[in-house]
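This is the structure, below, for whatever I ask next.
The values are calculated or read from the model by the stated rules, or taken from the named source; none is laboratory data. Computed from a predicted model, the values in this text were never measured in an experiment. When we count neighbours, we look across all protein chains shown, and the Cβ atoms used for this are built from the backbone with ideal geometry, even at glycine.
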């Protein structure tokens, strides 16, 4: 799973703001947030569906490139690439949203 630059920035900002907050976070709490993030990413069905759609779009793109060797259709090639990029964007947006929700919920629990 690769994060886009935008999503990496969001994650780093959120994690940095948590770690640099006035509340002191112990090593056990840091481990808990990492565990929470890993669990959410591993067990979220919407993210899994987006991942499967991304894989399908990747296979469709590769198939289109192979089929395009005989037809040289730029339109088909571009349509397949657009579909792949849209699926990739949807996956990374879903992943970013989950990370934001997890960090927000975790910090809300710590602050109360």
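Please give the number of the condition residue 66 fails out of (1) at pLDDT 85 or above; (2) more than 21 Å from the chain's Cα centre (by Cα); (3) surrounded by 13 or more Cβ atoms within 10 Å (Cβ to Cβ).
Only one criterion is unmet by residue 66, namely (3).
Only one of 48, 43, 55 is modelled with pLDDT of 85 or more, under 11 Å from the mean Cα position of the chain (by Cα) and surrounded by fewer than 16 Cβ atoms within 10 Å (Cβ to Cβ). Can you tell me which?
Numbers: 43 fails: under 11 Å from the mean Cα position of the chain (by Cα); 55 fails: under 11 Å from the mean Cα position of the chain (by Cα).
After ruling out the rest, the residue left standing is 48.
Can you name every residue in the stretch 69-89 that is surrounded by fewer than 16 Cβ atoms within 10 Å (Cβ to Cβ) and touching a helix residue (DSSP H, G or I) at 6+ places or on another chain (Cβ under 8 Å)? Write out each step before concluding.
Residues of the stretch 69-89 surrounded by fewer than 16 Cβ atoms within 10 Å (Cβ to Cβ): 69-76, 78-79, 81-82, 85-86, 89.
Answer for the stretch 69-89, where residues must be surrounded by fewer than 16 Cβ atoms within 10 Å (Cβ to Cβ) and touching a helix residue (DSSP H, G or I) at 6+ places or on another chain (Cβ under 8 Å): 76, 79, 81, 86.
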